[in-house]
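Data block below; observations after.
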Amino acid sequence: MGKGLTSSKTWQKLLNHHEHIGSKTIKMLFSADNERAQKFKTEAEGIYFDYSKHRITDETLGLLIELANERGLPKKIEGMFSGERINTTENRAVLHTALRAPESKQILFDGKNIVPEVHQVLDKMAEFSEKIRRGEWLGYTGKPIKNIVNIGIGGSDLGPVMAYEALKFYAHPDLVFRFVSNIDANDFSEAVKDLSADETLFIVSSKTFTTLETMTNARTARDWSLKQLKDVASIASHFVAVSTNEKEVAKFGIDTQNMFGFWDWVGGRYSMDAAIGLSTMIAVGPKNFRKMLAGFHLMDEHFRTAPLNENIPVIMGLLTVWYVNFFGAQTQAVLPYDNYLKRLPAYLQQLTMESNGKYVTIDGEKANYSTSPVYWGEPGTNGQHSFYQLIHQGTHLIPCDFIGFKQSLNSLPLHHNFLIANMIAQGEALAFGKTADEVRAEGIAEELVPHKVFEGNRPSSTFFMDKLSPENLGKIIAMYEHSVFVQGVIWGINSFDQMGVELGKVLAQKVITEIEAVGKNLKHDSSTNALIDYYLNYAK
Ligand code: F6P
C-alpha cells in the first residue's frame, strides 16, 4: 500500500508540478486570477472554507484529487462508514460516525443495527445528566452533587476537557468541573483541594479501565472520598464509570448500573461523542449535547457525499499531504481565534499524531515518505505575541489553519472586531508579505530593510462560521477527524491503532518495580541505570 505511493504516476506528476509551481508565489497566483478567492473556497454546512491562500492552482487540486482516487479514497470512505474492519492490526471496525447517527438511521455491524444501542446509552446519559443538573442526584449525605471530576487520560480526557472549555458559555452555572489526567500527584491534589467529598462526583473514564494513570488517580479519588465519607456504600453515589470493560469496572467497586458503556469500534481519540462525553453532557445539558452530535453528523454526511473537489475534509487532508510530501513541511499550526477553543490544539494533537504518526504502512512496510506533521497551536491573538514571529520570518514553512466566528458569544463588539481583524490580517501578511521596496517607501533606514522584509508566500486556510455553538463544535471536530482519515488513506497507514505508545508503558512498569524495590543490579543502559540510581538516592 505504501510502497507504490511514491512510484505512482500521479505522485510523479505531482513532483513535476511542484517544481513548476515552486517558482510561483501566492502573490503571483492572485495577480494571475481575479477569481481566485471564489475559486478556492467551499461553503458547506455553515462553514466558509477559504483555501485560496495556498500554493496551489487548479492543476494542483486536480492532481491531488487524482491521487485520492488512485488511492481508492471514495471506497475507503464507504468502507469506514459501513463498518468494515479497517483497523486491521486490531481487527476492529471504525464506527465513530455511528455515535452521531440519528435514531432513524440503520448502521449494520456484524449483521446488527447498532444505532439503537448508541441511543440507549445516550438516553441513559441524558437521564443521569438531568438528575445532576436539577440537583436530584444526591450524594451519600443527602446533599446534591455540585462538583464533577472527570478522571481519564488521552482520549478519555482531552475530548471532555476541550469540549467543556469550548462550550463553557453553555455550561450549567452552578456546577464545578475539574479534569484529572496526569499521574503527577499535583494534578489530583490541585483538582480536589477546595472540594468537599459529599458534593463531589467522580467520573472514571477509561475505555480499557486498565490505564495506569487513570486507575491510580481513581484509587486515590476513592481513598480521598472514603476518608471523608467513611463508608464504602458511599461509592455508589459518588463514582460512575465510562468504559467498555464491565468486568474491570465491577472489580474496582463501581456498580455496573452506574456504568456508561461504549464499544471497541470507537477509538479512544474518537470517543468524545460516546459516553466519554458524559461530563460534557452534564455541563451543557442533553439538548446541547445532541446538537453537538447533529453537527458531527452533518459533517459526516458532507464527507461521505460531497464530490471530492468540494469536500472540506478531503481538501484539508490533501493540502496537508501536499505540504508534507512536496514542500517538506514538518508542522501544521492550528490557530483558533476564539479563546473558548484554547484546548483545541491539544485535542487535535492526539487526534492527528496518534492516528498518523507512523512510519509503518498498513502492509507492515516502512514508508519511504513522511507522514503526519506535528500539529500545534494556541488561540489568536495570544500566539501573535509569541511564536508568530517564526511563522512570518522563520526558516520553516508552516501551513496555518485560522478558525474564526462571525459573532462573539459575549457581546463586547469592539473586542470581536479587533479579534477577527487580526485573524484576517495574519492570513494576508503571511501570504503577501512586504517587499524591500515597500519597506523603503516607509522611510526605513537601509540597514534595517532586510529585517523588516516579509517574504510572504506562507500558506493558510481560513475557516469561518457564524458562532461557536455545540453544532459548530461538532462540525469542526468531525472535519479534522475526516481530514486525518484522508491523510491516512493517501499514506497507506492504519490511522486507528497506536502501537507506538506501548513500549514506554512496558518499560515504565519495569522501572516502577525497580524503584519500588529500591532496585539493585539494574540491567538497563548506563544512562537509564544512572537516572534510576540518582532518583533512588534522592528519594532516600
Ligand atoms: O496510551 C494511549 C491510549 O491508549 C490512548 O489511545 C487512549 O485515548 C488513552 O491511552 C487512554 O486509554 P483508556 O481510555 O483506555 O484509559
Listed by chain and number, the residues whose amide H is under 5 Å from that of ILE86, excluding neighbours fewer than 5 places away on the same chain and using placed H, are VAL94
With θ taken as phi - 60° and the coefficients 6.51, -1.76 and 1.60, list the Karplus ³J(HN,Hα) couplings across segment 339-345 in order, rounded to whole Hz; mark glycine and proline as x.
4, 4, 8, 5, 9, 4, x
If unit charges are put on Cβ atoms (+1 for Lys and Arg, -1 for Asp and Glu) and the dipole of segment 402-472 is taken about its Cα centre, the option from GLY443, ALA421, PHE454 lying farthest towards the positive end turns out to be ALA421
Using unit Cβ charges (K, R positive; D, E negative) and no other charged atoms, how large, in debye to the nearest 20, is the dipole of segment 92-173 about its Cα centre?
160 debye
To make sure I understand the rule: partners must be lysines, Cα under 27 Å from the Cα of LYS358, and not fewer than 8 residues away in the same chain. Which ones qualify?
LYS3, LYS9, LYS13, LYS75, LYS76, LYS207, LYS342, LYS366, LYS475, LYS505, LYS510
Per residue, how big is the convex hull around the C-alpha atoms of the chain? Give it to me in cubic angstrom, could you?
191 Å³
So which aspartates and glutamates can LYS467 reach, going by Cα to Cα under 16 Å and dropping same-chain residues fewer than 8 places off?
GLU43, GLU45, GLU165, ASP338
222 nm [θ] for the chain, helices only, -39500 (n - 2.57) per DSSP H run of 4+, per residue, to 500?
-13500 deg cm²/dmol
Answer with one residue from THR256, ALA306, ASN288: the one whose Cα lies farthest towards the positive end of the charge dipole of segment 214-317, charges on Cβ with Lys, Arg +1 and Asp, Glu -1.
THR256
May I ask you to order 247-257, 512-522 by the average number of other C-beta atoms within 10 Å around their residues, highest value first?
247-257, 512-522
Using modelled backbone amide H atoms (1.01 Å from N, in-plane), which distant-in-sequence or interchain residues come within less than 5 Å of ASP466's amide H?
LYS406
How many percent of the accessible area of the chain is carbon or sulfur, using a 1.4 Å probe?
52 percent
Antiparallel bridges, percent of DSSP beta bridges restricted to the chain (to nearest 5):
30 percent
Charge tally in the Cβ shell below 11 Å around LYS168, where Lys, Arg are +1 and Asp, Glu are -1, LYS168 excluded:
+1
How would you classify segment 46-140 from its alpha-carbon gyration tensor, with a ≥ b ≥ c the square roots of the eigenvalues: rounded for a/c under 1.5, else prolate if a/b is greater than b/c, otherwise oblate?
oblate
Segment 403-540 accessible area per residue, 1.4 Å probe, protein heavy atoms, integer Å², reads 54 Å²
Per the charge dipole of segment 67-180 (beta-carbon charges, Lys/Arg positive, Asp/Glu negative, Cα centre), the residue among ASN91, PHE179, ASN113 reaching farthest to the positive end is PHE179
Cα-centre dipole for segment 1-89 with unit charges at Cβ (Lys and Arg positive, Asp and Glu negative), debye to 20
340 debye
What is the percent of Cα-Cα separations in segment 352-452 that go past 21 Å?
57 percent
Dipole of the chain, Cα-centred, from +1 at each Lys and Arg C-beta and -1 at each Asp and Glu C-beta, to the nearest 20 debye?
420 debye
Rounded to the nearest whole Å², what accessible area per residue is found for segment 37-91 with the 1.4 Å probe?
43 Å²
Which far-off residues, 5 or more places away or on another chain, put their amide H under 5 Å from the one on PHE177, with H placed in the peptide plane?
ILE148
Note down the nm distance, to one decimal, between modelled labels 7 Å out along Cα→Cβ at GLU301 and at ASP33.
3.1 nm
Three semi-axes of the equivalent ellipsoid, segment 9-81, Cα gyration tensor, whole Å, largest first:
25, 20, 7
Can you tell me which aspartates and glutamates have their Cα less than 18 Å from the Cα of LYS434? Leave out same-chain residues fewer than eight positions away.
GLU442, GLU446, GLU447, GLU455
Solvent-accessible area per residue for segment 171-304 at a 1.4 Å probe radius, Å²?
37 Å²
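The values are calculated or read from the model by the stated rules, or taken from the named source; none is laboratory data. Note that the coordinates shown come from a computational prediction; the quantities given were computed from them, not determined experimentally. Using ideal geometry, Cβ is built from the backbone for each residue, glycine included, and neighbour counts are taken over all protein chains shown. For the accessible areas, the whole protein counts, side chains as well, though only heavy atoms, and no ligand, DNA or RNA atoms are used. Shrake-Rupley method; radii C 1.70, N 1.55, O 1.52, S 1.80 Å.
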